[in-house]
1. Find how much the distance from Leu49 to His17 grows on full extension, using 0.36 nm per residue of separation minus their present alpha carbon separation; answer in nm with one decimal.
2. Using a 7 Å offset from Cα along Cα-Cβ at Thr56, what residues in the range 1-37 end up with backbone N under 16 Å from the label point?
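What follows draws every value from the coordinates through simple rules; no lab data is involved. The shown structure was predicted, so the numbers you read here are calculated from the model rather than taken from an experiment. All Cβ positions, glycine included, derive from the backbone under ideal geometry; neighbour counts span all protein chains shown.
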Amino acid sequence: MTAFVQTWTSLAEWWTHYDVDELARDLTEEQAGIFLDVADGTSAFAARLRISLDTTGHDVETTTEEPRTDEDTGPGADAESGESVSRQHLRAL
């Protein structure tokens, strides 16, 4: 359970750190496919978890806002290297 909580806590608002157009340009088809499979599986799991939480009486607050994008938060860049933040995060993966 601890690993699950730590994983999802570390991923909170991860999408604010990446530029969609940059990823579309730079990811291979295989890399994009892996991400999309994980995202689809995560979405399906989340739907099942919501149902289970509802049946157990959990009152969970979730946001219905669309994920923010770099357009909302600015592209960001490392002042020293000039490298985009999304490039740094992608390299870390």
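1. On the way: separation 32, 0.36 × 32 = 11.52 nm, distance 2.61 nm.
Extra length available between Leu49 and His17 comes to 8.9 nm.
2. 1-6
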